[in-house]
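First up is the structure itself, then whatever we jot down about it.
The values are calculated or read from the model by the stated rules, or taken from the named source; none is laboratory data. Fair warning: this is a prediction, and the values are worked out from it, not measured in the lab. Cβ: placed from backbone, ideal geometry, glycine included. Neighbour counts: every protein chain shown.
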Amino acid sequence: MADKYLKLIAGVPTQVEGSTASAGVGDAGKLVALNAQGKLDETMMPTGIGADVAIIQASENLVAGDFVNVWSDAGAARVRKCDGSAAGKEAHGFVLAAVASGNLATVYFEGTNNQVSGQVPGPVYMSAAAAGAAASVAPVGAGQVVQRIGVATSASAINVECGQHYVL
């Protein structure tokens, strides 16, 4: 619940809450309040400020923290788990919330993936053993894909910046 303030509505002082999200032009002039996480909602930020995200339909079930691959399904963008076991499913970003196949996923292209566990601080790579996962060592098998996807800063956080990939 946002803090409240008094606003003059039709000549009557009325208690109203600050806005925690914006629907666009119709919300111009409203006072801003922090959201439930104690932050400004990204809808309040100007273009170019905030997370680098895209809303893309999932072509398979995704779990929070999965690293994902953006691919073309007859010209339509889709997102699926990245997979370092073979070429063609390199990591482009990650999701912070679970998404069922066919639903829209918010894909983050950089930033902190705080929905992971068991990480070892230091460089992390796309896993060849588990689709959508990160590994602290690069794949070594023929035909597998090596791609550094960021740096683990703790057991439960990876600072993501997907690098170039190459096939062994």
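Odds and ends about this structure:
- Subset of the stretch 10-35 that is in contact with a strand residue (DSSP E or B) (Cβ under 8 Å, 6 or more places away or on another chain) and loosely packed, with under 10 Cβ neighbours inside 10 Å - its residue that is farthest from M45 (Cα to Cα): P13
- Selected residue (criterion: nearest to S156 (Cα to Cα)) from residues of the stretch 92-131 that are of a type in the set (S, T, Y) and part of a strand (DSSP E or B): T112
- Hey, D52 surrounded by fewer than 16 Cβ atoms within 10 Å (Cβ to Cβ), closer than 23 Å to G150 by Cα and not aliphatic (A, V, I, L, M) or not: yes
- Screening V120, V99, V137 for residues that are β-branched (V, I, T) and buried (at least 20 other Cβ atoms within 10 Å of the Cβ) leaves exactly one candidate, V99.
- Just one residue in the set Q37, Q15, Q57 is polar (S, T, N, Q), modelled with pLDDT under 95 and more than 20 Å from A157 (Cβ to Cβ); that residue is Q15.
- Matching residues, the stretch 145-168, being surrounded by 14 or more Cβ atoms within 10 Å (Cβ to Cβ), assigned to a loop (DSSP other than H, G, I, E, B) and modelled with pLDDT of 95 or more: S156
- Residue in the stretch 84-91 that is part of a strand (DSSP E or B) and either at pLDDT 95 or above or within 26 Å of Q37 (Cα to Cα) (or both) present: no
- Residue within the stretch 55-72 that is free of Cβ contacts under 8 Å to residues at least 12 places away in the same chain and in the same structural domain as Q147 (by TED's automatic domain parsing) present: yes
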